[in-house]
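To start, the structure itself, in structure tokens.
The values are calculated or read from the model by the stated rules, or taken from the named source; none is laboratory data. What you see is a predicted model; the values in this text were computed from it and never measured. Please note: Cβ atoms are built from the backbone with ideal geometry, for glycine as well, and neighbour counts cover all protein chains shown.
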Amino acid sequence: MMTFPNIDPVIFGIGPLQVRWYGLMYVLGFTASYFLVLKQIRDFSYRALEPCFENLNLVLIISVVIGGRLGYVLFYNFSYFLQHPQEIPATWTGGMSFHGACIGCLVGGYLYTKKNKLNFWKCADIYAVTIPVGLGLGRIGNFINGELFGRTSSVPWAMVFPGGGPQPRHPSQLYEMVLEGILLFTLLWVLKGIPWKKNKNWPHGSMLSLFLIGYGCFRIFVELFREPDQHIGFLMGSMTRGQLLSGLMVLGGMLLWKVLKTRQT
């Protein structure tokens, strides 16, 4: 068994203001996306996006926060927030859903690109390959907070989490960091360059489709080791809410791929 590092979630505080590791991971994720998007704009010569991409970044950041919070409210704790609607805006108390953030990001991005006469699918591809960086960093923040830990286990690297009782558990946050972060980013970044380097014509939207499929598959797998939310438990036997939402995500990605290829043909 390994020892949980017990890192203070608060980096430093000035009066009532606290700077937390989890918030810092969000900032680092958005910053990394900014520079990776800028690199792609220049590498793939999509100059039409360059004058607008800073405003689009702002729209997407706001969409991620709003979508992530509303997703958590609707998908994970609707009955509670129905009785306490005043707590819905209180994002600082915790509670964000990636699936909700993904929906919010797509809606916000679509509305902005449509208004500014940009190619939505082309923009989606450019941003989709950068999302895993933020996901990986976010899981590090979850690990430092000691939240979203795994199920009980006897593997040598299992840890006793402060909020998980006395039994050692899978550090499932680190599994997600590796799969949804490092591995998914590497796969998408490599695949993004294949059509460009080999003069192949992949339809715009392909990277978004592959991201939806890749993230959904990795999340479904990791949910086998992750402790389900206590107030939800398992659905239909051994399925978790995360697996259900991720399964819909995979189906959506596969349907999008089929539509894009059909349109291309």
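Residue pairs whose Cβ atoms lie under 8 Å apart, sitting 6 or more positions apart in sequence or on different chains, and linking a residue in region 254-265 that is closer than 12 Å to residue 208 by Cβ and free of Cβ contacts under 8 Å to residues at least 12 places away in the same chain to a partner that is basic (Lys, Arg) and surrounded by 14 or more Cβ atoms within 10 Å (Cβ to Cβ), do not occur here. Can you confirm whether region 96-117 contains a residue that is buried (at least 19 other Cβ atoms within 10 Å of the Cβ) and over 17 Å from the mean Cα position of the chain (by Cα)? Yes, the conditions are met somewhere in region 96-117. For region 51-84, the set of residues classified as more than 29 Å from residue 247 (Cβ to Cβ), touching a helix residue (DSSP H, G or I) at 6+ places or on another chain (Cβ under 9 Å), part of a helix (DSSP H, G or I) and not acidic (Asp, Glu) consists of 53, 55, 56, 57, listed by residue number.
Among residues of region 71-88 that are touching a residue at least 12 places away in the same chain (Cβ under 8 Å), those with a Cβ under 8 angstrom from a residue that is among the charged types (D, E, K, R) and part of a helix (DSSP H, G or I), sequence gap 6+ or separate chain, pair up as 75/241; 76/241; 88/69.
Cβ separations smaller than 7 Å between residues 6+ apart or across chains give the following pairs from region 231-248 residues that are modelled with pLDDT under 85 and part of a loop (DSSP other than H, G, I, E, B) to residues that are polar (S, T, N, Q) and surrounded by 14 or more Cβ atoms within 10 Å (Cβ to Cβ): 231/77. Scanning region 41-69 for residues that are surrounded by fewer than 16 Cβ atoms within 10 Å (Cβ to Cβ) and of a type in the set (Gly, Ala, Ser) gives 45, 48. Here residue 98 meets each of (1) closer than 27 Å to residue 122 by Cβ; (2) of a type in the set (Phe, Trp, Tyr); (3) out of contact with any Asp or Glu (no Cβ under 9 Å at 6 or more places or on another chain) with one exception, condition (3). Only a single item in (1) closer than 24 Å to residue 25 by Cα; (2) crowded, with 21+ Cβ neighbours inside 10 Å; (3) touching a helix residue (DSSP H, G or I) at 6+ places or on another chain (Cβ under 7 Å) is not met by residue 175, and it is number (2).
Output the residues belonging to region 1-50 that are more than 25 Å from residue 95 (Cβ to Cβ), assigned to a helix (DSSP H, G or I) and either free of Cβ contacts under 8 Å to residues at least 40 places away in the same chain or of a type in the set (Val, Ile, Thr) (or both). Across region 1-50, the qualifying residues are 34, 35, 37, 38, 39, 41, 42.
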